[in-house]
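Colleague: This is the structure, below, for whatever I ask next.
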Amino acid sequence: MTKWVPPLGLRFSLPPLLLLVAVIAPVHAYGKLEVGFYRHSCPDAEAIVRRIVTMAMEDDLTVTAPLLRLHFHDCFVRGCDGSVLVNSTKTNIAERDAKPNHTLDAFNVIDTIKERLEEKCPGTVSCADILAVAARDAVSLATKVVTKGEWNKDGNLYEVETGRRDGRVSSAKEAAAELPDSFDGIQKLIKRFASKGLGLKDLVVLSGAHSLGNSHCPSLEKRLRNFTADDDIDPTLDKTYAATLKQQCTNSDDNVTEVQMVPGRSTSFDATYYRLVTENKGLFHSDEALLSNGATKMLVYGYMSLEKRFLKDFGVSMVNMGRVDVLAGSEGEIRRTCAVLN
């Protein structure tokens, strides 16, 4: 993604196992989040976020995935508290400097949004909420049925709950331990999501975010060479696709070359990702891992043919994720600058 410089001025039934997971998954308290939390304290807040995200996308369509990814990476470490945005100091290595976060991007878009909101409503809108709203706006603007006015009148794929507060702790060590890995198998993925109160359906739906954006060679290198003692290439990866990827990634340490998550469609949000997974052309091992569990496999095949159901469920799961371990009320703080604790 090129650096953006801001201008001045499926109706299908769930199997018994999936129903059981939905029932027993732990419930994480989410405080007093609500749609329209800032309607009185900063009524233009969401409009300001949308305007700046729109401007960023007009300049560079690939900004969509980084904005979505920032929200994911924030919520999976200490909950959705904006801690992924904090800079490291001499005495603390923060989340954004953890190895899984080295390729995060679009911090400058978030910073621009925060600056405008501080001018309009000082000390009111949290960085955690900016991440949540910007992610919603980015994916909405990348979804054709939304931009064509075929989804709902407000131009959003889903409504975002707001009212989060910003955390005061950011740890690279915690990020390295808790963030899902591109090489995770299904059991590890299930465990990671369950630890956040998210079930199998959330796992499959949120994996659909891989419809957008690009990755880098280190995230798939192990799939292409010396996968195991018996298999040079990950056996869950289509061999022809693997050969193409090998041509793109000739150096395992190449953090510059970008590989599209969905070839030819990396800026459009739809259900194409699920078709690729069924064809063993998911870019990550964790993508293909979804086929190794009966319940998740059924969902993959269902979403492949019922795109509108996927889009609806994606909104539901994003709201679920957005509630993970949030700070609210008098907890935490409202940072004046997202990269620095008050």
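Colleague: Which of the residues spanning the stretch 245-276 are open to solvent by 80 Å² or more (accessible area, probe 1.4 Å) and within 22 Å of residue 148 (Cβ to Cβ)?
Modeller: Scanning the stretch 245-276 gives 265, 275.
Colleague: Inspect all residues belonging to the stretch 195-207 and state whether any of them is basic (Lys, Arg) and touching a strand residue (DSSP E or B) at 6+ places or on another chain (Cβ under 9 Å).
Modeller: No, there is no match, as no residue in the stretch 195-207 is basic (Lys, Arg) and touching a strand residue (DSSP E or B) at 6+ places or on another chain (Cβ under 9 Å).
Colleague: Moving on to the next point. For the stretch 123-135, check the following and say yes or no: at least one residue is closer than 16 Å to residue 324 by Cβ, part of a strand (DSSP E or B) and hydroxyl-bearing (Ser, Thr, Tyr).
Modeller: Within the stretch 123-135 (the criterion being closer than 16 Å to residue 324 by Cβ, part of a strand (DSSP E or B) and hydroxyl-bearing (Ser, Thr, Tyr)), the answer is no, since none of the residues qualifies.
Colleague: Can I ask one more? Give me the pairs, please: first residue somewhere in the stretch 251-268 and under 11 Å from residue 211 (Cβ atoms), second residue anywhere and of a type in the set (Phe, Trp, Tyr), beta-carbon distance under 7 Å, and either six or more positions apart or on two chains.
Modeller: 262/273
Colleague: Any residue that is within 15 Å of the chain's Cα centre (by Cα), open to solvent by less than 10 Å² (accessible area, probe 1.4 Å) and either closer than 20 Å to residue 210 by Cα or not charged (D, E, K, R) (or both) - is there at least one of those in the stretch 86-98?
Modeller: Scanning the stretch 86-98, I find no residue that is within 15 Å of the chain's Cα centre (by Cα), open to solvent by less than 10 Å² (accessible area, probe 1.4 Å) and either closer than 20 Å to residue 210 by Cα or not charged (D, E, K, R) (or both), so the answer is no.
Colleague: Yes or no: the stretch 122-139 includes at least one residue that is at pLDDT 95 or above and of a type in the set (Asp, Glu).
Modeller: Start the filter on the stretch 122-139 by keeping residues that are at pLDDT 95 or above, which leaves 122-139.
Cutting the leftovers down to of a type in the set (Asp, Glu) gives us 129, 137.
Scanning the stretch 122-139 turns up at least one residue that is at pLDDT 95 or above and of a type in the set (Asp, Glu).
Colleague: Suppose we filter the stretch 244-255 for residues that are within 13 Å of residue 219 (Cβ to Cβ) and either in a loop (DSSP other than H, G, I, E, B) or in contact with a strand residue (DSSP E or B) (Cβ under 6 Å, 6 or more places away or on another chain) (or both); how many remain?
Modeller: Total satisfying the criteria: 6.
Colleague: Just checking, how many residues over the stretch 306-342 are β-branched (Val, Ile, Thr), open to solvent by 60 Å² or more (accessible area, probe 1.4 Å) and under 19 Å from the mean Cα position of the chain (by Cα)?
Modeller: Matching residues across the stretch 306-342 total 1.
The values are calculated or read from the model by the stated rules, or taken from the named source; none is laboratory data. The structure presented is a predicted model; accordingly, all values stated were derived computationally and were not measured. Note that each Cβ is placed from the backbone with ideal geometry, even for glycine, and that neighbours are counted across all protein chains shown. The protein model used for the area step is the full one, side chains on, heavy atoms only, and it has no ligands, DNA or RNA in it. Shrake-Rupley method; radii C 1.70, N 1.55, O 1.52, S 1.80 Å.
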